[in-house]
1. When the Kirkwood hydrodynamic radius is evaluated over all pairs of different C-alpha atoms of the chain, what value in angstrom, to one decimal, is obtained?
2. Considering only protein heavy atoms, with the full assembly of protein chains and a 1.4 angstrom probe, order SER2, SER59 by accessible area, largest first.
3. In degrees between 0 and 90, to the nearest 10, how far off the longest principal axis of the chain does helix 40-52 point, with axes built from Cα atoms?
4. Using a probe radius of 1.4 Å on heavy atoms only, what accessible surface per residue do you get for the chain? Whole Å² is fine.
5. Return the subset of LYS6/LYS91; LYS19/LYS93; LYS19/LYS95 for which the Cα-Cα distance in this structure is over 28 Å, preserving the input order.
6. For helix 2-24, what angle does its Cα long axis make with the longest principal axis of the chain, in degrees from 0 to 90 and rounded to 10?
7. Under 5 Å between amide H atoms, partner at least 5 residues away or on a different chain: which partners does ILE56 have, H built in plane at 1.01 Å?
8. Starting from 0.36 nm per residue, how many nanometres of slack lie between PHE83 and GLU67 once their C-alpha separation is accounted for?
Amino acid sequence: TSVAEKELGILCRHVNVLKTVKDHGPIGIIRLSQMTGQPQHMIRYSLRTLEKDGLIIPSRQGAIVTERIHETLGTLESTFEEFTSTMQDLKKKLK
């Protein structure tokens, strides 16, 4: 379970950074770190990952979201609903 918890933490951070860039972009690493409470090195990692996935792009003023943001947020929402359902089923099996 520790691997799953670690991966979930990373996913939460990436989603939090993406949402913050969407709501406050263009935004730089220092401001993202301040707003999210995450260390700058973790913000850099999340930004690299989100850029690699085509969800954000760098600009002179800071990170901004791409056109893929709307599609991705919808996909994330449905994926999280599936995760919730799967976790509830697993919980029932433990009883």
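The values are calculated or read from the model by the stated rules, or taken from the named source; none is laboratory data. Computed from a predicted model, the values in this text were never measured in an experiment. When we count neighbours, we look across all protein chains shown, and the Cβ atoms used for this are built from the backbone with ideal geometry, even at glycine. Only protein heavy atoms, including side chains, enter the accessible area calculation; ligands, DNA and RNA are left aside. Shrake-Rupley method; radii C 1.70, N 1.55, O 1.52, S 1.80 Å.
1. 14.4
2. From most accessible down to least: SER2, SER59.
3. 80
4. 73
5. LYS19/LYS93; LYS19/LYS95
6. That helix lies at roughly 40 degrees to the long axis.
7. GLU51, THR66
8. Full extension of this stretch gives 3.2 nm more.
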